[in-house]
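The values are calculated or read from the model by the stated rules, or taken from the named source; none is laboratory data. Just so it is clear, the structure is predicted and the values come from calculations on it, not from any experiment. Virtual Cβ from ideal backbone geometry, glycine too; neighbours counted across all protein chains shown.
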Amino acid sequence: MKKIFWLSLTGIFFLPSCDNKSKGPDVSAIKVNVILERFEKDFFEMDTLNLSQSLDKLYRKYPGFYPDFMGAILGVNGADTSIETQDVAKEFYRTYRSFNDSLLKKYRSTASIEKEITNGLQHVKYYFPGYKIPGLITFLGPLDAPGVALTRSYIAIGLHQFAGKNFSAYQEAAVQRLYPLYISRRFDEEYIAANCMKVIIDELFPDQSNGKPLIEQMIEKGKQWYLLDKFLPGSPDSVKTGYTQKQLEWCNRNEGEIWSIIIKNEDLNSINPTVIQSYIGEAPFTQGFSQENSPGNLGQWIGWQIVKKYAEKNPSLQPGDIMRTNARKILDEAKYKPR
């Protein structure tokens, strides 16, 4: 059974000089058949007066997703239509129907999403021809449910985390405690494709940096953005990193000083979880830097720059080779000394 990778948008974060970058290799001849299925539309079109039959019909239409949705999202047995399952499904239907109505207006057409994801998948196949492309499906879950998931059969997109940054439900106090503004501002359509590529990266190269020293974790996280950049070369860095334009400009302008402060004030070999979290964790800014201008997760950005420097010095290496290269080797050979 394929492992399910759940990815909340808290996990995905333009440099102005990079927004007009190369579009990457020509992938137009790579055939990728992307058909976006709309599970949430069929779910909320169920006849609740004949729920057992409706759930059975839904199961038969989506046999590769229904069990995962019922089990992981609603917390019931995905293989039956018992009274318990019906009760939970009915309550979810009642509670989230108006939310679904709002999403249907925003996502009446998904053509632009399909186009961007198709382009990303073409790049995935270009660099990793043997990768089996999963199906593509949307669903609606509660607000604390994952934003994107790679299930046994699908890349599953939870539209509840893409309703638009100004969506009223995101402004409620309880939701802001879960997703502060620096996170919920990314809850919009433009981030969907990048998050889809991110779960593919997680499957191709699972993050095994936990417990490693600070600098190695920074570089391992930087590898993720390096490969994301390969999969979506035409997308703005703001979407890939989750930084604001102002934050990216600050990073670009102060790259040398940022690195200097880190190596001066931190032990790069530290395995202290608090130190590591301050550099690669979600936050409105990075401690020790400008609260007004610095982004959180600044360590991953520095790791990305180190990986790019290593790639520049080794142009014969393919992205897969770089992803498999030891972080220490990347650090030693990159000779990273920004000004």
- [ ] Considering (1) under 27 Å from PHE205 (Cα atoms); (2) assigned to a helix (DSSP H, G or I), say which one PRO233 fails and leave the rest.
- [x] (2)
Open item on the list: Please go through (1) in contact with a Leu (Cβ under 6 Å, 6 or more places away or on another chain); (2) outside any helix (DSSP H, G or I) for ASN252 and return the number of the only condition it doesn't satisfy.
Closed with: (2)
Open item on the list: Taking the conditions exactly as written (touching a His at 6+ places or on another chain (Cβ under 9 Å) and either surrounded by fewer than 22 Cβ atoms within 10 Å (Cβ to Cβ) or small (Gly, Ala, Ser) (or both)), does ALA149 satisfy them or not?
Closed with: no
TODO: Could you pull out the residue among TYR191, TYR179, TYR154, TYR170 that is surrounded by 15 or more Cβ atoms within 10 Å (Cβ to Cβ), of a type in the set (Ser, Thr, Tyr) and either touching a Gly at 6+ places or on another chain (Cβ under 7 Å) or assigned by TED's automatic domain parsing to the domain that holds TRP225 (or both)?
DONE: TYR154
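Scanning for something under 30 Å from GLN305 (Cα atoms) and in the same structural domain as ILE137 (by TED's automatic domain parsing), does the stretch 94-103 turn up at least one residue?
Checked against the condition, which is being under 30 Å from GLN305 (Cα atoms) and in the same structural domain as ILE137 (by TED's automatic domain parsing), the stretch 94-103 yields no hits at all.
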- [ ] Test LYS105 against the stated conditions and say whether it is closer than 30 Å to LEU232 by Cα and either assigned to a loop (DSSP other than H, G, I, E, B) or among the charged types (D, E, K, R) (or both).
- [x] yes
Task: The one condition in (1) crowded, with 17+ Cβ neighbours inside 10 Å; (2) modelled with pLDDT of 95 or more that ASP26 fails to fulfil - done: (1)
- [ ] May I ask you to list pairs of residues, at least six apart or on different chains, whose Cβ atoms are under 7 Å apart, with the first in the stretch 211-240 being not assigned by TED's automatic domain parsing to the domain that holds GLN122 and the second being part of a helix (DSSP H, G or I) and of a type in the set (Asp, Glu)?
- [x] VAL239/GLU190; LYS240/ASP229
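Residue-by-condition table, conditions (1) within 19 Å of ALA163 (Cβ to Cβ); (2) surrounded by fewer than 16 Cβ atoms within 10 Å (Cβ to Cβ):
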position: PHE69; (1), (2): yes, no
position: ALA72; (1), (2): no, no
position: ASP87; (1), (2): no, yes
position: ASN100; (1), (2): yes, no
Open item on the list: Being part of a loop (DSSP other than H, G, I, E, B) and not β-branched (Val, Ile, Thr) is the filter here; which residues of the stretch 255-280 pass it?
Closed with: GLU266, ASP267, LEU268, ASN269, SER270, ASN272
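If only one of GLU266, GLU333 is acidic (Asp, Glu), closer than 20 Å to GLU216 by Cβ and surrounded by 17 or more Cβ atoms within 10 Å (Cβ to Cβ), which one is it? Explain how you work it out, then say what you get.
Details: GLU333 fails: surrounded by 17 or more Cβ atoms within 10 Å (Cβ to Cβ).
Only one candidate qualifies: GLU266.
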- [ ] Give MET197, MET218 a once-over and let me know the one that is buried (at least 24 other Cβ atoms within 10 Å of the Cβ), over 13 Å from the mean Cα position of the chain (by Cα) and at pLDDT 95 or above.
- [x] MET218
